[in-house]
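Below is one structure; the comments refer to it alone.
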Amino acid sequence: MAAALAVSASFLAVSVVLAQGRSSGKPPVAAAPGYDPAIYAELQKAPEKARRRANPLENDPHAVAAGAILFEQHCAECHGKSAEGSPKAPSLVVSEVQSATPGTLFWLLTNGVVRKKMPVWSKLPEPQRWQLVRYIQSLGGPALRAESPAAQP
């Protein structure tokens with residue numbers, strides 16, 4: 001009898017938690033969106049001239065660290081502290097982002113994707129946007145960059 005009562009109490013507790021999650025209108029915290037390549041289609045919209053832009057801070061030894069600070073201030077709220085995505089925004093460590101050219105990422109930061117709630121960062125000074133690009137590209141590590149189509153000769 002005690003075991004049946006414990007099982008019933010467990011089911012009741014789970015039901016209450018599930019009902020609260022549904023009634024709040026918000027997805028559960030752990031419900032990050034599944035991988036959907038269509039999310040990254042905006043990267044393909046960068047004009048060719050923008051894609052070809054080189055990062056003037058490519059060899060700046062401090063750019064990644066400065067970009068990390070900027071990311072924490074401006075991007076982590078939506079993309080997550082480790083840039084792996086959240087219910088608000090997609091992951092930045094996926095191959096679509098990591099294989100994008102620096103110019104493409106800069107263009108996307110500058111223009112945003114307003115209809116998908118990605119802000120326009122054109123008011124952020126240009127050097128800071130390039131620092132963000134350096135930081136975002138540093139997240140993939142050498143192994144991912146070596147596998148990316150953009151890294152192939």
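Just so it is clear, none of the values below were taken in a lab; they were calculated from the coordinates. The model shown is predicted, which means the values in this text are computed figures rather than measured ones. In this analysis, Cβ positions are derived from the backbone assuming ideal geometry, glycine residues included, and neighbour counts consider all displayed protein chains.
Consider a paramagnetic label point 7 Å from the Cα of Gln44 along Cα→Cβ; state which residues of the stretch 73-106 have an amide N under 13 Å from it.
So the set is 96.
Using a cut-off of 15 Å between beta-carbons, work out the net charge of the residues near Phe106 (Lys and Arg +1, Asp and Glu -1, Phe106 not included).
Once all neighbours under 15 Å are counted, the net charge is +3.
Just to confirm the filter: which GluC sites (Glu not before Pro) across the stretch 47-139 are DSSP coil and have at most 12 other Cβ within 10 angstrom of their Cβ?
Answer in residue order: Glu58.
In straight Cα distance, which lysines are under 17 Å from Lys88, not counting same-chain residues fewer than 8 positions off?
Qualifying lysines at Cα under 17 Å: Lys26, Lys116, Lys117.
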